[in-house]
Amino acid sequence: MSKEFEVPRSVEWEENHINILNQQKLPAETVFEHLYTKEDVYDAIVTLKVRGAPAIGITAAFGLALSAQAIETEEIDVFKQEVIRIKEYLNSARPTAVNLAWALDRLLQRIERAASVNAAKTDLVHEAIQIQIEDEETCRQIGQNALQLFKSGDRIMTICNAGSIATSRYGTALAPFYLAKKKNLDLHIYACETRPVLQGARLTTWELMQGGVDVTLITDNMAAHTMKEKQISAVIVGADRIARNGDTANKIGTLGLAVLAKHFHIPFFVAAPLSTFDVSTLDGSDIPIEERDPLEVKELNGVPIAPPDVQVFNPAFDVTPSHLISGIITEKGIITSNYAKEIDALFAESISQ
Ligand code: MRU
């Protein structure tokens, strides 16, 4: 628990297991679960017990470090081959959030020059823990940078959950609200429920209320009316993958909010760490979009809400073109236009550091 706000951590490294907050069960139950194997980790990511791009990356990194401890060989090359095999398995859990591949690649790089299997096993654990530590500071920095965009009294809309439990701590899109509260700045959030699996209704409202932040829940189809009637001053969302030209994949429904925001002349912001940028993807058309189980659409909590054999299209994400984005808030600052050039500059700068 943090002293600043009382939201449990979504994932923690323990001696011989990973401890996760089961986000499937929220808000009805606050249940923690132990993961022991790569299959446990894969399942937790696929079934959204752990979700949110940075939290997925951290959990997969812990999962790789944990399952590597059980590899029985003294041969470093054999060890690395097995680590790569586990990495590929975990990486296939969810295709859109690029933080997953980013975190796993970072672990692989860390053991590139390892002299022994024992040293590599220790290095993997250290690197995974380091990713989590860095993510907390990164999110705090994103929050600081985002705060300059808002003033007391603002009403801000969001979708899905890009909060503390989607990251190591603070969140991305929700980070400024925790920091604003500390500074007694009065910001109010309108959270879209986020069908089909309701991360907004179940998770965003829950964690903001735990953290003492003012929040109002709306259903997704109330967004346009709310923008108009409640004088929404900005929209802020997270991201799962940002292409080199700034096109941004985020939870399904984000694109709709961006289009509405343009109509109502409301600024539309994306908040994300550099680990969510995929500069090898030139634009949004190359971002893989995860399609999920039709049952997520046909049922609510196991109760049928549609004919059982109806055809369903269930994309988990959509892509907002960069021309609809007023600014991308990162830990290194805010970029507001000329995204391709600015993103290249951002990466040139962080590589040279
Ligand atoms: O399917 P989910 O719940 O993993 O989707 C999460 C989102 O779309 C978040 O906005 C994104 O991962 C950013 S989390 C800081």
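The values are calculated or read from the model by the stated rules, or taken from the named source; none is laboratory data. Note that this is a predicted model, so its numbers are computed, not measured. Positions of Cβ are backbone-derived with ideal geometry, glycine not excepted, and every protein chain shown enters the neighbour counts. Calculation scope for accessible area: heavy atoms of the full protein, side chains included, ligands and nucleic acids excluded. Shrake-Rupley method; radii C 1.70, N 1.55, O 1.52, S 1.80 Å.
Going by the conditions given, is ASP293 within 16 Å of the ligand (Cβ to nearest atom) and either under 18 Å from LEU174 (Cα atoms) or open to solvent by 20 Å² or more (accessible area, probe 1.4 Å) (or both)? Write out each step before concluding.
On the way: within 16 Å of the ligand (Cβ to nearest atom): yes; either under 18 Å from LEU174 (Cα atoms) or open to solvent by 20 Å² or more (accessible area, probe 1.4 Å) (or both): yes.
Here the answer is yes, as ASP293 does meet what is asked.
This table checks each residue for (1) more than 16 Å from the chain's Cα centre (by Cα); (2) over 30 Å from ASN301 (Cβ atoms).
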position: VAL31; (1), (2): yes, no
position: LYS38; (1), (2): yes, no
position: LYS49; (1), (2): no, no
position: SER67; (1), (2): yes, yes
position: ILE71; (1), (2): yes, yes
position: VAL98; (1), (2): no, yes
position: ALA120; (1), (2): yes, yes
position: LEU124; (1), (2): yes, yes
Handout entry: Among (1) open to solvent by 40 Å² or more (accessible area, probe 1.4 Å); (2) within 16 Å of the ligand (Cβ to nearest atom); (3) part of a strand (DSSP E or B); (4) of a type outside the set (S, T, N, Q), the one test that ILE334 misses
Key = (2)
Handout entry: Answer residue from the stretch 183-242, given it is surrounded by 15 or more Cβ atoms within 10 Å (Cβ to Cβ) and of a type in the set (S, T, N, Q) and is nearest to ILE266 (Cα to Cα) among those
Key = SER233
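For VAL213, state whether it is assigned to a strand (DSSP E or B), under 21 Å from the mean Cα position of the chain (by Cα) and within 18 Å of LEU149 (Cβ to Cβ). Lay out the reasoning, then the answer.
Working: assigned to a strand (DSSP E or B): no; under 21 Å from the mean Cα position of the chain (by Cα): yes; within 18 Å of LEU149 (Cβ to Cβ): yes.
It is false that VAL213 is assigned to a strand (DSSP E or B), under 21 Å from the mean Cα position of the chain (by Cα) and within 18 Å of LEU149 (Cβ to Cβ).
Here are THR122, THR138: which of them is farther than 20 Å from ALA272 by Cα and open to solvent by 20 Å² or more (accessible area, probe 1.4 Å)? Working first, answer last.
Details: THR138 fails: farther than 20 Å from ALA272 by Cα.
Residue meeting the stated conditions: THR122.
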Fill in the blank from the handout: Conditions (1) open to solvent by 10 Å² or more (accessible area, probe 1.4 Å); (2) within 16 Å of the ligand (Cβ to nearest atom) -> PRO307 fails only (2)
Practice task
Scan ALA258, ALA239, ALA223 and give me the residue that is outside any strand (DSSP E or B) and under 14 Å from ALA173 (Cα atoms).
Solution key: ALA239
Practice task
Could you tell me whether THR172 is out of contact with any Gly (no Cβ under 7 Å at 6 or more places or on another chain) and buried (at least 24 other Cβ atoms within 10 Å of the Cβ)?
Solution key: no
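So, in the stretch 243-271, of the ones that are polar (S, T, N, Q) and within 15 Å of the ligand (Cβ to nearest atom), which residue ends up surrounded by the most Cβ atoms within 10 Å (Cβ to Cβ)? Before you say what the answer is, go through the steps one by one.
Our first condition is that a residue be polar (S, T, N, Q); within the stretch 243-271, this holds for 245, 248, 250, 254.
From what is left, the residues that are within 15 Å of the ligand (Cβ to nearest atom) are 248, 250, 254.
Working: THR248: 31, ASN250: 29, THR254: 28.
Only one residue tops the list, namely THR248.
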Fill in the blank from the handout: Checked ALA128, ALA180 against criteria (open to solvent by less than 10 Å² (accessible area, probe 1.4 Å), over 27 Å from MET222 (Cβ atoms), at pLDDT 95 or above and in a helix (DSSP H, G or I)); the one match is ALA128
Exercise for the section: Might you check whether a residue that is farther than 23 Å from GLY238 by Cβ, of a type outside the set (D, E, K, R), open to solvent by 50 Å² or more (accessible area, probe 1.4 Å) and assigned to a helix (DSSP H, G or I) occurs anywhere in the stretch 340-349? Expected result: yes
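If you take the residues of the stretch 310-322 that are of a type outside the set (A, V, I, L, M, F, W, C) and under 18 Å from LYS251 (Cα atoms), which of them is surrounded by the most Cβ atoms within 10 Å (Cβ to Cβ)?
Looking only at the stretch 310-322, we keep the residues that are of a type outside the set (A, V, I, L, M, F, W, C), and these are 311, 314-315, 318, 320-322.
Narrowing the set further to residues that are under 18 Å from LYS251 (Cα atoms) leaves 314-315, 318, 320-322.
Values: ASN314: 16, PRO315: 12, ASP318: 19, THR320: 25, PRO321: 17, SER322: 23.
Out of the qualifying residues, it is THR320.
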Handout entry: Among (1) closer than 26 Å to PRO315 by Cα; (2) in contact (Cβ under 8 Å) with a residue 40 or more places away in the chain - the single one GLU75 does not satisfy
Key = (1)
Completion exercise
Only one of LEU174, LEU179 is on the phi < 0 side of the Ramachandran plot, within 13 Å of the ligand (Cβ to nearest atom) and without any contact (Cβ under 8 Å) to a residue 40 or more places away in the chain, namely LEU174
Problem - Of all residues making up the stretch 4-33, the number that are within 24 Å of ARG140 (Cβ to Cβ) and in contact (Cβ under 8 Å) with a residue 40 or more places away in the chain - result: 13
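I'd like to check something: does the stretch 147-155 contain any residue that is modelled with pLDDT of 95 or more and open to solvent by less than 10 Å² (accessible area, probe 1.4 Å)?
The first filter runs over the stretch 147-155 and keeps only residues modelled with pLDDT of 95 or more, leaving 147-155.
Keeping just the survivors that are open to solvent by less than 10 Å² (accessible area, probe 1.4 Å) gives none.
No: the stretch 147-155 contains no residue that is modelled with pLDDT of 95 or more and open to solvent by less than 10 Å² (accessible area, probe 1.4 Å).
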